[in-house]
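So the structure is just underneath, and the comments pick up after that.
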Amino acid sequence: LANKDQLMRRYENMEFSSKLSRMTDKIKSGVPDISLPDISGDTVALSSLNDKMILLSFWSATNDQSVERNLKLKKLYKKYHNKGFEIYQVSLDKDKERWKTGVRFDELPWVSVHASNGPNAYAARLYNVKSLPADYLIKNGQTLVGKNPGISELRRQLSTTLE
């Protein structure tokens with residue numbers, strides 16, 4: 001009976017180890033991953049982006065500072081997108097239609113996803129978002145290199161890394 005118990009424990013440990021290994025294989029980056037629906041309803045994971053520099057941006061179409069920042073980000077995006085810069089923007093709008101209207105009206109060219117629980121969304125809590133806009137600059141999908149960088153700091157980081 002002791003041998004049977006030992007075999008069962010060994011099997012359980014191997015199974016746990018195997019599950020743990022499969023889970024860690026799925027972790028692509030050193031930053032928390034999020035997966036949310038885009039404007040077409042397709043789920044897009046932050047970890048699916050293979051760009052050199054990613055700006056994870058939290059915003060709301062009803063927040064004036066967010067909209068103003070987006071207009072400035074469009075210029076940087078146009079200049080650096082083909083060099084390896086991507087924006088993964090998470091809307092914290094409670095009204096999904098308001099978010100879609102904002103994306104279309106401002107012609108936002110980057111990945112735009114929606115967190116359905118608004119400011120209380122898991123993604124916002126995961127990144128400790130306290131106010132909008134909130135941005136996180138991620139290098140090579142793994143390293144957080146800046147939090148809430150100003151436009152001039154973002155431009156400097158992009159020009160240093162991508163040019």
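The values are calculated or read from the model by the stated rules, or taken from the named source; none is laboratory data. In this text the structure is predicted, and so the values were computed from the model without any measurement. Note that we place each Cβ from the backbone using ideal geometry, even for glycine, and neighbour counts take in every protein chain shown. Note: areas computed on protein heavy atoms with side chains; ligands, DNA, RNA excluded. Shrake-Rupley method; radii C 1.70, N 1.55, O 1.52, S 1.80 Å.
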Of the numbered conditions (1) in contact with a Lys or Arg (Cβ under 8 Å, 6 or more places away or on another chain); (2) part of a helix (DSSP H, G or I); (3) polar (S, T, N, Q), residue 62 fails exactly one; give the number of that condition. (2)
Can you tell me which residues in the range 97-142 are assigned to a loop (DSSP other than H, G, I, E, B), of a type outside the set (Gly, Ala, Ser), more than 13 Å from the chain's Cα centre (by Cα) and under 24 Å from residue 155 (Cβ atoms)? 106, 107, 108, 109, 132, 133
What pairs come out if I take residues in the range 60-75 that are touching a residue at least 12 places away in the same chain (Cβ under 8 Å) and open to solvent by 30 Å² or more (accessible area, probe 1.4 Å) and pair them with residues that are in a helix (DSSP H, G or I) and β-branched (Val, Ile, Thr) whose C-beta lies under 8 Å away, six or more apart or interchain? 69/151; 72/151
Extreme residue, modelled with the lowest pLDDT, among residues of the range 24-43 that are more than 18 Å from residue 55 (Cβ to Cβ) and hydroxyl-bearing (Ser, Thr, Tyr): 24
Within the range 113-135, is there a residue that is open to solvent by 90 Å² or more (accessible area, probe 1.4 Å) and among the acidic types (Asp, Glu)? no
Need pairs with beta-carbon distance below 6 Å; first residue closer than 14 Å to residue 75 by Cα and within the range 148-163, second at pLDDT 95 or above and open to solvent by 70 Å² or more (accessible area, probe 1.4 Å); sequence gap 6+ or separate chains. 151/72
The range 136-151, residues that are of a type in the set (Gly, Ala, Ser), out of contact with any Phe, Trp or Tyr (no Cβ under 9 Å at 6 or more places or on another chain) and either surrounded by fewer than 20 Cβ atoms within 10 Å (Cβ to Cβ) or over 19 Å from residue 47 (Cβ atoms) (or both): 150
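Does residue 92 count as of a type outside the set (Lys, Arg), under 18 Å from the mean Cα position of the chain (by Cα) and closer than 13 Å to residue 73 by Cβ?
no
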